[in-house]
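Some notes on the structure that comes next.
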Amino acid sequence: MAFFTPDFIQFFQELRANNNRDWFNDNKKRYIAVVKEPFEQYIAAIIERAQIIDPDILITPKDAIFRIYRDTRFSKDKTPYKLHASAAVAKGGRKDMVSPGIYMQFSDQVIEFYSGIYRPDSKQLQRIREHIAVNLEAFESLMNRPEFVTYFEGKIHGERNKRIPKEFVEIAERQDLIYQKQFYYYHSLPADTMLQDDLLDLTMAHFEAARPMSQFFEAALTNDE
């Protein structure tokens with residue numbers, strides 16, 4: 001099933017050149033028809049499929065989808081609209097920066113799938129590092145899983161600390177991902193991928209490829225070692 005048409009891509013191409021309220025207001029009905037409503041239908045389908053795998057994902061598309069309006073209060077960039085449609089299908093939806101799920105971002109230039117732990121607090125980061133240290137072989141095995149390598153290149157990304165607690169220094173000599181303060185993985189595809197009939201299956205393939213690693217991080221935050 002194809003959720004999107006080339007008009008989705010065309011809308012964001014034009015918005016990129018006309019990122020102002022007058023243009024957007026003149027094209028708002030078009031935005032609703034070719035971007036907002038199809039994206040809501042797509043996210044509803046993803047939630048339905050994801051709930052089969054993880055029944056704790058009890059959210060609606062409204063809970064998952066980010067607004068197109070930018071928060072410009074503290075930004076030098078005062079353009080009012082995002083140049084993409086995005087959503088987070090996780091237990092807490094778009095407000096959940098910790099629970100592993102899948103984040104999707106579609107623009108006129110690229111579509112992207114993300115998963116992992118994006119914004120752990122200091123206590124959560126400590127637990128993640130402890131979990132990696134205690135389960136290092138399992139962690140490295142998950143990175144080398146064929147599905148994780150296929151969809152996420154076997155790589156974990158994120159900002160790093162220059163210094164780490166001394167109890168992790170020795171283990172970091174073997175696995176320097178201990179230095180990271182974010183643990184996420186992503187895959188980018190050409191924008192016209194969204195026009196394919198198999199987009200739903202492709203999205204869920206990313207979700208399932210990420211899930212064992214995501215469960216590893218979730219266990220770090222919920223289990224006692």
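The portion of the accessible surface of the chain made up by carbon and sulfur, rounded to a whole percent, is 48 (1.4 Å probe; DNA, RNA and ligands excluded). Averaging the sequence gap over all C-alpha pairs within less than 8 Å and six or more residues apart, then dividing by the number of residues, gives the range 51-131 a relative contact order of 22 percent. For residue 78, a cut-off of 22 angstrom between C-alpha atoms picks up these lysines, skipping any fewer than 8 places away in its own chain: 28. Once the C-beta distance of residue 222 and residue 188 is scaled by a Förster radius of 22 Å, the resulting FRET efficiency is 0.15 to the nearest 0.05. Calculated from the structure, mean projected area of the Cα convex hull in nm² equals which of [x] 14.3; [y] 13.4; [z] 18.3? Calculated mean projected area of the Cα convex hull in nm²: the matching label is [y].
Protein heavy-atom accessible surface, 1.4 Å probe, per residue over the range 68-176: 57 Å².
Given contacts defined as C-alpha pairs under 8 Å and at least six residues apart, what's the relative contact order of the chain, whole-number percent? Taking the mean separation of contacting Cα pairs over the length of the chain, I get 23 percent.
Hydrophobic, long helices, defined as DSSP H runs whose alpha-carbon span along the helix axis is 15 Å or greater and whose mean Kyte-Doolittle value is at least -0.5, occur in the chain at 6-17, 37-53, 199-222. Which FRET efficiency, nearest 0.05, do residue 205 and residue 136 yield, Cβ-Cβ r, R0 22 Å? For residue 205 and residue 136, the calculated efficiency is 0.20.
The values are calculated or read from the model by the stated rules, or taken from the named source; none is laboratory data. Just so it is clear, the model here is predicted, and its values are computed rather than measured. Counting neighbours? That spans all protein chains shown, and the Cβs are built from the backbone with ideal geometry, glycine included. Quick note on the areas: whole protein, heavy atoms, side chains included, nothing else; ligands and nucleic acids left out. Shrake-Rupley method; radii C 1.70, N 1.55, O 1.52, S 1.80 Å.
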